[in-house]
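Here the structure is laid out as structure tokens; the discussion comes afterwards.
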Amino acid sequence: MSTTNIIRLFDPWNSELCTCPSKFSLNPYTGCNYSCLYCYITSFIPNAFHLRVKVDLIKRIIRDLTKIPDNALIAMSNSSDPYPEIEKERELTREILKILKTNNFRVIITTKSNIVIRDIDILQKMNSAISITITTFNENISNRLEPFAPKPKDRLEALKEAKKAKIRTSLRLDPLIPDITDNRDNICDVIEKCAKYIDQVIVSTFKPRFDSMKRITNAYPQLKEKYNFIYREREGNSLYLPLDLRLSLIELARNEAIKHNLKFSSCREGFSYLNTTTCDGSGI
Ligand code: SF4
């Protein structure tokens, strides 16, 4: 494949734990001002919580599309959110979707925003799936973890609308953060509230890098000592919880998903044998 500019082959740091089907990644914006404390993009995008609009974006995307296979799967987005507040006015993601639809590309949207509802008219006419991240419905916790993102109840509304429009949907219950969002009540509550409106649950544990660890432990100083003790395993630049703890969390979420007749997968955990479909929501 000749060199593309904006649309890149998805390659999560060559991690052997990634079981994603082959796909491309397209970030309409650089950075994301939802500023989630656990976000990993600050480890590789300078000034990542300052959102920027890309120069000549549409022109460069049209050029890239001529270089990737017909009918390729395109994920929007892995290193930003395709629906920041500015998208209401700029409509760049909407413009891109129109182009992808015209050219029969497949798309999977991953977002934390209900602005996606605006584009349902396009998404329902193409091969698409929407994945919405909800880590908790506890507003005190979500206000702290995801200070500028739309409220979890608004994201739930977006799932409802997508389901009504017969678009395939998944919930990203991601990340499960020790002693913040990883308790049984929270996991069961999020899955139960979303169950009627989704086809799949995707789960992953918090895998901090240096900067996300710092943000979380600054916000929750009482967890610092515990995190120093439990986060000892390393994969690339990310720290991992001990295997048995991760497995128990993934199994708990899996049982809950299956109880609600939902498909299930975990993301970069090493338990792909527990997945009932592709890990990224593209298989539903
Ligand atoms: S919405 Fe996603 S990309 Fe944006 S700050 Fe939060 S985790 Fe990072």
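The values are calculated or read from the model by the stated rules, or taken from the named source; none is laboratory data. It should be emphasised that the depicted structure is a prediction, and the values quoted were computed from it without experimental measurement. Heads up, the Cβs are rebuilt from the backbone with ideal geometry, glycines too, and the neighbour counts pull from every protein chain shown. Note: areas computed on protein heavy atoms with side chains; ligands, DNA, RNA excluded. Shrake-Rupley method; radii C 1.70, N 1.55, O 1.52, S 1.80 Å.
The string of couplings for the stretch 162-167 from the Karplus curve (6.51, -1.76, 1.60, θ = phi - 60°) is 5, 5, 4, 7, 6, 8 Hz, one whole number per residue in order, with x for Gly and Pro. Of all DSSP beta bridges confined to the chain, the antiparallel ones make up roughly 20%.
Using R0 = 45 Å, the C-beta based FRET efficiency linking ARG232 and LYS151 works out to 0.80. Our coupling estimate for the stretch 245-253, obtained by passing each phi through the Karplus curve with A = 6.51, B = -1.76, C = 1.60 and θ = phi - 60°, is 5, 4, 4, 5, 5, 5, 5, 4, 5 Hz, Gly and Pro reported as x. Note that the stretch 6-46 presents 45 Å² accessible area per residue, ligands and nucleic acids not counted, probe 1.4 Å.
Can you check what the Kirkwood hydrodynamic radius comes to for the chain, Cα pairs only, in Å to one decimal? Working shown, then result.
Working: mean 1/r = 0.0524 Å⁻¹.
The answer is 19.1 Å.
As an exercise, take the mean of 1/r over every pair of distinct alpha carbons in the stretch 114-254, invert it, and state the Kirkwood radius in angstroms. Don't skip to the answer; put the middle values down first.
Numbers: mean 1/r = 0.0619 Å⁻¹.
Mean inverse Cα-Cα distance, inverted, gives 16.1 Å.
When we measure straight from the Cα of LYS59, which lysines land under 22 angstrom away, once same-chain ones fewer than 8 places off are left out? Counting by Cα, and skipping residues close in sequence, LYS59 has these lysines nearby: LYS23, LYS67, LYS88, LYS98, LYS101. Around the amide H of THR278, modelled in the peptide plane, lie the amide H atoms of GLY283, all under 5 Å away and 5 or more residues distant in sequence or on another chain. Using just its DSSP H runs of length 4 or more, each adding -39500 (n - 2.57), the chain gives a mean residue ellipticity at 222 nm of -9500 deg cm²/dmol after division by all residues. Label separation (THR276 vs SER22): 2.9 nm, computed from points 7 Å beyond Cα along the C-beta direction.
Rounded to the nearest whole Å², what accessible area per residue is found for the stretch 81-198 with the 1.4 Å probe? Show your work: numbers first, answer last.
Values: 4810 Å² over 118 residues.
Using a 1.4 Å probe on heavy atoms only, each residue of the stretch 81-198 averages 41 Å².
Between ASP121 and LEU243, the modelled label-to-label distance comes to 5.3 nm, taking each label 7 Å out from Cα in the direction of the beta carbon.
With all distinct Cα pairs included, what does the Kirkwood hydrodynamic radius of the stretch 1-135 come out to in Å, to one decimal, could you say? Hydrodynamic radius (Kirkwood, Cα pairs) of the stretch 1-135 is 15.3 Å. For the stretch 91-147, trypsin sites (Lys or Arg not before Pro) meeting the loop criterion (DSSP other than H, G, I, E, B) and having at most 14 other Cβ atoms within 10 Å: LYS125.
Modelled label positions at ALA165 and THR3, each set 7 Å beyond Cα in the direction of Cβ, lie 3.7 nm from each other.
Roughly to the nearest percent, how much of the accessible area of the chain is carbon and sulfur, given a 1.4 Å probe? Intermediate values should be presented prior to the final figure.
Working: 6200 of 12790 Å².
Carbon and sulfur together cover 48 percent of it.
Loop-located trypsin sites (Lys or Arg not before Pro) in the stretch 1-91 (DSSP state not H, G, I, E or B) with no more than 12 neighbouring Cβ atoms inside 10 Å: LYS67. Each Lys and Arg Cβ is given +1 and each Asp and Glu Cβ -1; about its Cα centre, the stretch 216-261 then shows a dipole of about 80 debye. Rounded to the nearest Hz, the phi-derived 3J(HN,Hα) couplings of the stretch 54-63 under the Karplus curve 6.51 cos²θ - 1.76 cosθ + 1.60 (θ = phi - 60°) are 7, 6, 6, 3, 5, 4, 5, 5, 4, 5, where x marks glycine and proline.
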